[in-house]
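Engineer: Handing you this structure, nothing more for now.
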Amino acid sequence: MKLPESFYERTNVVKIARELLGKSLFTKVDGVVTGGMIVETEAYSWKERGCHAYGGRMTARNKIMFDGGGHAYVYLCYGVHHLFNVVTNREGIADAVLIRALEPIAGLKEMKRRRGELQNPIHLTSGPGKLTKAMGIDRNFNGKFLLNHDVWIENIGETVNSKHIVVSERIGIDYAREDAMLPWRFTVKGNKWVSK
DNA sequence: GCAATGATTTACT
DNA sequence: GTAAATCATTGCC
């Protein structure tokens with residue numbers, strides 16, 4: 001069952017990031033469905049420095065974040081990797097959740113093909129740049145709505161016990177100064193697919 | 001440990 | 001208009 005638009009439109013992006021653990025992200029590219037359960041997320045908000053839209057600054061790149069909840073924000077990082085975000089909150093408010101890792105469920109063969117046959121399955125989706133490549137996500141997905149037929153998030157009935165959710169600081173955003181220490185990263189405890 | 005890599009942003013003329 | 005600095009990472013040394 002796909003998550004309804006109302007799930008994304010809530011105002012507490014940190015809460016949404018936490019609740020996305022155990023949900024599943026799917027894409028359909030070239031007629032092949034690939035996807036996995038979300039095991040690692042990070043929350044971003046215009047109110048803190050780690051966010052591209054810090055202070056409500058809108059640019060050609062991040063304008064998708066100002067759309068209503070439920071849109072996909074995909075962008076190129078380090079000139080090499082695509083990162084996948086879920087836009088939350090109401091139109092005009094730039095909050096988003098970065099999907100950092102998945103546990104593969106569907107389309108394993110296709111994901112291995114995209115990542116290279118010799119890859120250990122553990123490395124298929126255990127990082128934000130890896131999972132986008134495995135699922136065929138690129139900038140063409142920027143601005144897509146997550147109730148579409150080619151990219152969506154489902155509740156597959158998995159529930160992650162709150163005792164198994166680990167809260168920590170976000171990764172790779174030292175430039176955000178004091179906001180880099182916010183406990184806005186959520187991982188599933190003991191899951192092999194969580195990035196290191 | 002660190003180079004690769006390019007879109008985006010900012011700082012200039 | 002052009003140019004330089006920056007970056008929510010990965011994979012190979």
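Engineer: Helix-only mean residue ellipticity at 222 nm, chain A, DSSP H runs n ≥ 4 weighted -39,500 (n - 2.57), per residue, nearest 500. What is it? Each step should come with its number before you reach the end.
Structural biologist: On the way: 4 runs with 27 residues, N = 196.
That comes out to -3500 deg cm²/dmol.
Engineer: Now for a different question. If you average the alpha carbon positions of the range A:35-65 and of the range A:99-160, how far apart do those two centres end up, in angstrom?
Structural biologist: 19
Engineer: Report the calculated FRET efficiency for A:ASN140 and A:LYS2 (r = Cβ-Cβ distance, R0 = 25 Å), to the nearest 0.05.
Structural biologist: Numbers: r = 20 Å, r/R0 = 0.82.
Efficiency for this residue pair is about 0.75.
Engineer: Report P(r) for the range A:112-183: all Cα-Cα distances, bin width 10 Å, range 0 to the bin holding the largest distance, values in whole percent.
Structural biologist: 14, 27, 43, 16, 0
Engineer: Could I ask something else about it? Kirkwood hydrodynamic radius, chain A, all distinct C-alpha pairs: what's the number in Å?
Structural biologist: It is 16.5 Å.
Engineer: Right, here's the next one. With a Förster radius of 35 Å, plug the Cβ-Cβ distance of A:LYS47 and A:GLN119 into 1/(1 + (r/R0)^6) and report the FRET value to the nearest 0.05. Write out the running numbers ahead of the final one.
Structural biologist: On the way: r = 38 Å, r/R0 = 1.09.
Step by step, r from the Cβ atoms, then E = 0.35.
Engineer: So how far apart, in nm, are the two label points at A:TYR78 and A:THR11 if each is 7 Å from Cα heading toward Cβ?
Structural biologist: 3.7
Engineer: Using R₀ = 45 Å, calculate the FRET efficiency as 1/(1 + (r/R₀)^6) where r is the Cβ-Cβ separation of A:TYR175 and A:ARG90; round to 0.05. Walk me through the numbers on the way to the answer.
Structural biologist: Details: r = 28 Å, r/R0 = 0.62.
The calculated FRET efficiency here is 0.95.
Engineer: When chain A is treated as a GNM, springs tying every alpha-carbon pair under 10 Å, which of A:LYS47, A:LYS109, A:LYS163 comes out with the largest mean-square fluctuation?
Structural biologist: In this elastic network of chain A, the residue with the biggest mean-square fluctuation among A:LYS47, A:LYS109, A:LYS163 is A:LYS163.
Engineer: Here is a follow-up. A:ARG100's amide H: which non-local residues (gap 5+, or another chain) put their own amide H closer than 5 Å, with H modeled 1.01 Å from N in plane and none for Pro or chain starts?
Structural biologist: Correct list: A:GLU40, A:THR41, A:GLU42.
Engineer: I need the P(r) histogram for the range A:1-58: all alpha carbon pairs, bin width 10 Å from 0 out to the longest distance, whole percents.
Structural biologist: Bins of 10 Å from zero give 20, 39, 32, 9, 0 percent of pairs.
FYI, it's all coordinate maths here, none of it is from the lab. Being a predicted model, the structure only gives us computed values, none of them experimental. Don't worry about glycine lacking a Cβ; one is built from the backbone with ideal geometry, like all the others, and counts go over all protein chains shown.
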